[in-house]
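Before any comments, here is the structure.
The values are calculated or read from the model by the stated rules, or taken from the named source; none is laboratory data. Predicted model only: the values in this text are computed from it and were never measured. Note: ideal-geometry Cβ built from the backbone for every residue, glycine included; neighbour counts use all protein chains shown.
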Amino acid sequence: MHRRFVAIAGLGLLAGGGLASAGLLGGDSSRAPVSDVIFPAQDLPLRFDHAQHLALKVDCDFCHEDADESRSSVDDLIPTEESCTNCHDIDRAVPDKAVPAGKAPARCDSCHVGYVAGKAVARVRIPVPNLKFDHQAHVSRGVACTTCHGNLAAEKIGLATRDQLPKMRLCLTCHDGRKASSRCTTCHIADQGMVQTRFPEGRLVPSGSLRGDSHDLTFATSHREVAENDPDYCGSCHRKSECVECHNGVIKPMEFHAGDYVSQHAVDARRNQPDCSTCHRLQTFCVGCHSRSGVTDDGRGSEFRPPSSGLPGRRFHPDGWVDTNGGAVLRSRGPMHHAFQAQRNIRQCASCHREEFCKRCHTAEPGSLRINPHPAGWAGSRRCRALAARAGRVCLRCHTDVFEATCDR
């Protein structure tokens, strides 16, 4: 009895699918490719036409005769030369053997690409897939070759490759938890009870075509819906400890926030502190960083602390960042002075300082140092009038009354 069949990924490989290869039906090379991790790259130095052989009524199990009894994906289901000699009158002693017209060719180079007489034949190399599969279990349930590998005759497939292997979407038509088990480790290799995701060929990750869970660069911030819908699905690959590592606020994933977020984060923190607290603990993460940097509310980072305070000499801004004499011309202050940086990028200042902080010096209110933040010649200038006309209420934040806020003073 002929027992080989189905392993036709270029004359051999096993059915199955992968998280990273969740495409559509196998056998259609125009659709999503299989996973390089699940089915590593193959070397197929062969000339072969599956459609031609099937048209001659050669059944799959005539060549792949051991497939219906295969219980493991490590089984070698590639047809041997002995299978070919049933039709091809091969004679290794006569590599260029001629045959009568109408007979199957017997020359070595008819099938072996790059064959040179006297040299070793290039061998087919089909690595063992990183997958578990039981052909016998499927055959015994009446699953036909074409169900998983496509109709090679109708599709006019010559040399079958990995494109003729089934993708996970096809597998899930049966592995739905009712007809067959839907546990990931039914097919995927397990590592301590969970799906093994790291292989020499790369890392196994979902493509996103099934559940919208593509593990791209944004997934760290967009996985909530997928996790809430089916936490057990995530649990196939991830332990709860991985979730806790991020969600307990101790470790911040480097890819979560944009570059240089530290200099801008105060705006978000003031606008929506509850969002920040879902990951960061105020008393450890936030206070700890601010204390080390000297940016605190208790005076350790203050630019106005007296020398007699006895507080550490560290501070966030450099010496000379703020002066209180009010007499220096603004444009004479260099890049190490806050006036220069405030004019260059006031938004960066606002990420830490509120308006009330600036008004300690820059206001006409009683008790203020009354330092004029405007450049020389500001009053009555075209820019002064334009800003006053467009946003006069802003002027009143520092100037005590409407009369004082006019550009004529």
Next item on the list: Select from the range 168-214 the residues that are acidic (Asp, Glu) and surrounded by 15 or more Cβ atoms within 10 Å (Cβ to Cβ) and write down the one among them that is nearest to the chain's Cα centre (by Cα).
Entry: ASP213
Check: What do you reckon, is ARG354 within 43 Å of the chain's Cα centre (by Cα), of a type in the set (Lys, Arg) and modelled with pLDDT of 70 or more?
Finding: yes
Check: Is the range 209-231 home to any residue that is within 28 Å of VAL143 (Cα to Cα) and of a type in the set (S, T, N, Q)?
Finding: yes
Next item on the list: Please go through the range 222-246 and pick out each residue that is assigned to a helix (DSSP H, G or I) and touching a strand residue (DSSP E or B) at 6+ places or on another chain (Cβ under 8 Å).
Entry: none
Notebook entry, point to check: Would you say ASP76 is within 19 Å of LEU165 (Cβ to Cβ) and assigned to a loop (DSSP other than H, G, I, E, B)?
Noted result: yes
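Please find, among PRO206, PRO127, PRO166, the residue that is under 27 Å from LEU44 (Cβ atoms), assigned to a loop (DSSP other than H, G, I, E, B) and at pLDDT below 90. Let's see the steps before the verdict.
On the way: PRO206 fails: under 27 Å from LEU44 (Cβ atoms); PRO127 fails: at pLDDT below 90.
Exactly one of PRO206, PRO127, PRO166 is under 27 Å from LEU44 (Cβ atoms), assigned to a loop (DSSP other than H, G, I, E, B) and at pLDDT below 90, namely PRO166.
Any residue that is within 30 Å of HIS112 (Cβ to Cβ) and touching a residue at least 24 places away in the same chain (Cβ under 8 Å) - is there at least one of those in the range 170-190?
Going residue by residue through the range 170-190, those that are within 30 Å of HIS112 (Cβ to Cβ) are none.
Checked the range 170-190: no residue is within 30 Å of HIS112 (Cβ to Cβ) and touching a residue at least 24 places away in the same chain (Cβ under 8 Å).
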Note to self: Take the conditions under 28 Å from VAL116 (Cβ atoms), in contact with a strand residue (DSSP E or B) (Cβ under 6 Å, 6 or more places away or on another chain) and modelled with pLDDT of 90 or more and apply them to ASP49. Does it pass?
What the structure shows: no
